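Enquirer: One structure, as structure tokens, below. Some questions next.
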Amino acid sequence: MAKIELVKLSKSYGAVEVLRDISLVIEDGEFAVIVGPSGSGKSTMLRLFSGLEAITGGDLMFDGERVNKMAPVERGVAMVFQNYALYPHMSVYENIAFGLRERREPKDQIDAKVRHAAQILQIEPLLQRRPKQLSGGQMQRVAIGRAIVREPRVFLFDEPLSNLDAALRGQMRVELKSLHDKLKNTMVYVTHDQVEAMTMADKIFVMNNGRVEQSGSPREVYSRPTTRFVAEFIGSPKMSMLPCHADADTGMLRLVFGGDQSLRVPATSVDASRVATLGVRPEDWTLSLDGPTGLKVQIASLEDLGNELLLHVSSDTDAFTLRHPYTDAFRHGQQLWLTVASEAIHLFDAEGQRL
Amino acid sequence: MTETFFNAMARYSWRDWLAIVFLILLAVFVAFPFVWMVSISLQPGKGLTLPPVYIPDELSFQAYRDLFQTQVPFLRAYWNSIFIAAMTTIGALISSALAAFAFSRLEFRGRSVFFALILMSLMIPLSFVMIPLFFQFAAIGLLSSVWALILPMVISPLGVYMLRQFMISQPKEYEEAALVEGASYWSIFRRVSLPEMAPAMASLAIITFTASWNNFLLPLVFAQNENQTTLPLAIFAIGMTGNFVDLAVLMAGVVLSFAPLFIVFLFAQRFIVEGLTNTGVKN
């Protein structure tokens, strides 16, 4: 197990800076999820951890020891790749034993470790098969088995579930999390899927454009996003973002939207002159069929998810999505009036910073 | 039965039939010299007749017996050709695989320049470097050795190119996974990359073996003694021996030299096509 510390870490390919001055700490035994859109630098960060890419600036520390120049094997990391990278010409057993054989461990010890890992991952009947004879989920387990047997200080996962179907993804999420509970190793998991990030992480690092936009517990990141980017990236359907300006109005804040609509929310300590965007989670709106209080919108379409409805609505100037427990009260084309509780509003300035 | 045959015929359009007829004609055109070659070898003493006799009245294997009675050491040449082609193939496979691994998986300064140089060497025919090579081998005292016919062909720019292109079409995560697991570069090459390259190596093996087997110019210039005589040289010698050329004996020699390649091609044509089509295709 290891505590990972990044101090002003940078990575450039020639003139192109992929990661910029990243400083963060992943605690010993933590399940850290690095999440972000394609091209945000999250996979590069994982490759820097593994030693597959050279660091061009700053320091990477494992348990206080600088590992910048260390070879991958000296760092004590194990990595699970997006495409599993199982050697096609070797059996499952040989795949799992590969790293141990490289370390020239005694045969009986290798056998015991491989069988123990296979038992944990419930792949014992597959040990003599070749990778091409396995399903996606089974290949995933073998790749994890290959990582487990080496007893690494840090597990690195590079979008390991992205090739699986939705049902299997859900199952593997639970299994990976329970594996972490069992092994208690430091695990760093990269994904672009915010559901994986929310459900698995002890700590989330949201990346954008080569920087960590926000880090914190899933609850913290969801309920108090520090930037507009994080607010929109985390959560599905994404947070409604309504451009507005604000006036202080007798202890209240009056948010004025395009088309002269306005919404009064209890005043906070926010500087009204800097307000540029109101953000509200789809489930945080209060819906009313009776006006005229609130923001007037029209239902453009409805999606019935069984237990809840997704209502795609449009105001005079904006279109966004609301989430509501199932009811048959709503119809296409209906008008709704929306209000929001003060604790559910997220205000951002013109630069996208939380106010 | 007839119905089935006609049903099958009906599936093809007139364009298909046109293509089929064209391909049959092409196959006949290509196969014709080979068939004639075999036919002549089975008609000793007759030589070329007009009109040519393609299907002899009487089959005789006398020319094949006579082949081994000539002054030309045909059997020795046969063995030499097998040894030289096999050693050249093994050498080319090893050197090309190592170079392809380096060019596709290792980062080093000047990688692109070196690879460009190798590609450029593809454009230089062997005959251009024949004389310098001759002096080089003479200087190191290998000219009268069979290795003088092997070593110049062991470094194969085409092989490096083929295997390198194949490797860059494969996911590099295999090697990265092995690196993270603590494997040395040598171990990665041997245990991961080499098996990965197997299909492309199979086609390279066939191409190299064939090229070495058919190589005429290099042995013609380099061969100093009987130990270096190869099949193309032996057949050439049979054609040049004495005043009278027994065409049947000559063709018997050609048939025997052609037979191993024909058999290999028959069984391995799939690998050749796969190997050639795989290279350069990026997933």
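The values are calculated or read from the model by the stated rules, or taken from the named source; none is laboratory data. The structure displayed is predicted, hence computed values, not measured ones. Quick reminder, even Gly has a Cβ in these numbers, built from the backbone with ideal geometry, and neighbours come from all protein chains shown. Quick note on the areas: whole protein, heavy atoms, side chains included, nothing else; ligands and nucleic acids left out. Shrake-Rupley method; radii C 1.70, N 1.55, O 1.52, S 1.80 Å.
Enquirer: Counting only helical runs of four or more DSSP H residues, what would the 222 nm mean residue ellipticity of chain A come to if each run contributes -39,500 (n - 2.57) and the total is spread over all its residues?
Expert: Working: 9 runs with 89 residues, N = 355.
Helices in chain A give a 222 nm mean residue ellipticity of -7500 deg cm²/dmol.
Enquirer: Per residue, how big is the convex hull around the C-alpha atoms of the range A:258-355? Give it to me in cubic angstrom, could you?
Expert: Numbers: hull volume 10.4 nm³, N = 98.
Hull volume over Cα atoms, normalised by residue count, gives 107 Å³.
Enquirer: Give me the compactness ratio for the range B:2-60, meaning the Cα radius of gyration over 2.2 N^0.38 Å.
Expert: Its radius of gyration relative to the 2.2 N^0.38 Å reference: 1.73.
Enquirer: Which entries of A:K8/A:K184; A:K113/A:K184; A:K107/A:K182; A:K3/A:K42; A:K3/A:K203 have Cα-Cα distances beyond 22 Å here? Let's see the in-between values first.
Expert: Numbers: A:K8/A:K184 27 Å; A:K113/A:K184 18 Å; A:K107/A:K182 26 Å; A:K3/A:K42 19 Å; A:K3/A:K203 13 Å.
Table pairs above 22 Å Cα-Cα are A:K8/A:K184; A:K107/A:K182.
Enquirer: For the range A:240-348, what is the accessible area per residue in Å² when the probe is 1.4 Å?
Expert: Numbers: 5220 Å² over 109 residues.
Heavy-atom accessible area per residue stands at 48 Å².
Enquirer: What does the net charge come to around A:P282 if you take all other residues with beta carbon closer than 9 Å to its beta carbon, with K and R at +1 and D and E at -1?
Expert: That sum, taken over residues with Cβ under 9 Å, equals +1.
Enquirer: To continue, here is another question. Which percent of Cα-Cα pairs in chain B sits in each 5 Å bin, short to long?
Expert: Percent of pairs per bin, in order: 1, 5, 9, 11, 12, 12, 12, 11, 9, 7, 5, 3, 2, 1, 0.
Enquirer: Please pull out the direction-averaged projected area of the range B:91-234, using the convex hull of its alpha-carbon atoms, in nm² to one decimal place.
Expert: On the way: hull surface 38.8 nm².
Computed as one quarter of the Cα hull surface, the answer is 9.7 nm².
Enquirer: Could you rank the peptides A:217-230, B:12-25, B:193-206 by their average count of other C-beta atoms within 10 Å per residue, with the highest value first?
Expert: B:193-206, A:217-230, B:12-25
Enquirer: If you don't mind, another one. Roll a 1.4 angstrom probe over the protein heavy atoms and tell me the percent of accessible area of chain B that is carbon or sulfur. Please list the in-between numbers first.
Expert: Details: 11520 of 16330 Å².
Percent of accessible area from carbon and sulfur atoms in chain B: 71.
Enquirer: May I pose another question? Antiparallel DSSP bridges in chain A: what percent, to the nearest 5? It would help to have the intermediate numbers written out before the result.
Expert: Details: 60 of 78 bridges.
For chain A, the DSSP antiparallel bridge percentage is about 75.
Enquirer: Looking at chain A as a GNM with Cα springs under 10 Å, which of A:T191, A:T286, A:T327 has the largest mean-square fluctuation?
Expert: In the Gaussian network model the winner is A:T327.
Enquirer: Provide Rg over Rh for the range A:55-146; use the alpha carbon set for both Rg and the Kirkwood Rh (inverse mean inverse pair distance).
Expert: Numbers: Rg = 15.4 Å, Rh = 14.6 Å.
Rounded to two decimals, Rg/Rh equals 1.06.
Enquirer: How large is the helix-only mean residue ellipticity at 222 nm for chain B, computed as the sum of -39500 (n - 2.57) over DSSP H runs with n ≥ 4, divided by its residue count, in deg cm²/dmol to the nearest 500?
Expert: Values: 14 runs with 197 residues, N = 283.
Computed ellipticity for chain B at 222 nm equals -22500 deg cm²/dmol.
Enquirer: Compute the separation of the alpha-carbon centres of the range A:138-167 and the range A:14-75 and state it in Å as a whole number.
Expert: Between the Cα centre of the range A:138-167 and that of the range A:14-75, the gap is 19 Å.
Enquirer: Which net charge results for the neighbourhood of B:A178, defined as the other residues with beta-carbon distances under 13 angstrom from its beta-carbon, given Lys and Arg at +1 and Asp and Glu at -1?
Expert: +1
Enquirer: Let me ask something additional. Kindly state, to the nearest 0.05, the FRET efficiency for A:R66 paired with A:Q128, given R0 = 41 Å and r defined as their beta-carbon distance.
Expert: After rounding to 0.05, the efficiency reads 0.45.
Enquirer: With the Cα gyration tensor of the range B:174-217 in hand, give its eigenvalues times 5 under a square root as the equivalent ellipsoid semi-axes, listed largest first in whole angstrom.
Expert: Values: eigenvalues 214, 18, 6 Å².
In descending order, the three semi-axes are 33, 10, 5 Å.
Enquirer: Now, a different point. Over the range B:121-202, what is the relative contact order in percent, taking alpha-carbon pairs closer than 8 angstrom and at least six residues apart? Let's see the in-between values first.
Expert: Numbers: 23 pairs, mean separation 22.0, N = 82.
Once normalised by length, the contact order is 27 percent.
Enquirer: Oh, and also: Mind computing the radius of gyration and Dmax over the alpha-carbon atoms of the range B:1-121? Å is fine for both.
Expert: 25.8, 69
Enquirer: Given R₀ = 35 Å, what would the calculated FRET efficiency be for A:E220 paired with A:T317, taking r from the Cβ atoms and rounding to 0.05? Present the calculation step by step, with values, prior to reporting the outcome.
Expert: Details: r = 31 Å, r/R0 = 0.89.
With a Förster radius of 35 Å, E is 0.65.
Enquirer: Then there's this: Mind checking Rg over Rh on the range A:4-233, alpha carbons, Kirkwood formula for Rh? If you can, show how the numbers build up before the last one.
Expert: Working: Rg = 17.6 Å, Rh = 18.2 Å.
Rounded to two decimals, Rg/Rh equals 0.97.
Enquirer: If the label point is 7 Å along Cα→Cβ of A:T293, which residues in the range A:307-343 have backbone nitrogen under 17 Å from it?
Expert: Output list for this probe position: A:336-343.
Enquirer: For the range A:1-65, state the semi-axes of the equivalent ellipsoid (square roots of 5 times the eigenvalues of the alpha-carbon gyration tensor), sorted largest first and rounded to whole angstrom. Present the calculation step by step, with values, prior to reporting the outcome.
Expert: Numbers: eigenvalues 77, 39, 19 Å².
Semi-axes (√(5λ), whole Å): 20, 14, 10.
Enquirer: Can I ask one more? Please tell me the relative contact order of the range A:76-207 in percent, rounded to the nearest whole number, where contacts are Cα pairs under 8 Å and at least six residues apart. Spell out each step's value before the answer.
Expert: Details: 158 pairs, mean separation 43.6, N = 132.
Result for the range A:76-207 is 33 percent.
Enquirer: Students often get this wrong: which residues of the range A:327-355 have the backbone nitrogen under 20 Å from the point 7 angstrom along Cα-to-C-beta of A:E308?
Expert: A:327-332, A:336-346
Enquirer: Express the C-alpha Rg of the range A:201-242 as a ratio against the empirical globular expectation 2.2 N^0.38 Å, rounded to two decimals.
Expert: Working: Rg = 9.8 Å, N = 42, 2.2 N^0.38 = 9.1 Å.
Normalised Rg, Cα atoms only: 1.07.
Enquirer: Over chain B, what relative contact order in percent results from Cα pairs under 8 Å that are six or more residues apart? List each step's numbers first, then the result.
Expert: Details: 299 pairs, mean separation 90.3, N = 283.
Taking the mean separation of contacting Cα pairs over the length of chain B, I get 32 percent.
Enquirer: Just the ratio, please: alpha-carbon radius of gyration of the protein assembly as shown over 2.2 N^0.38 Å, N its number of residues. Can you show the working numbers first?
Expert: Working: Rg = 36.4 Å, N = 638, 2.2 N^0.38 = 25.6 Å.
Dividing the Cα radius of gyration by 2.2 N^0.38 Å gives 1.42.
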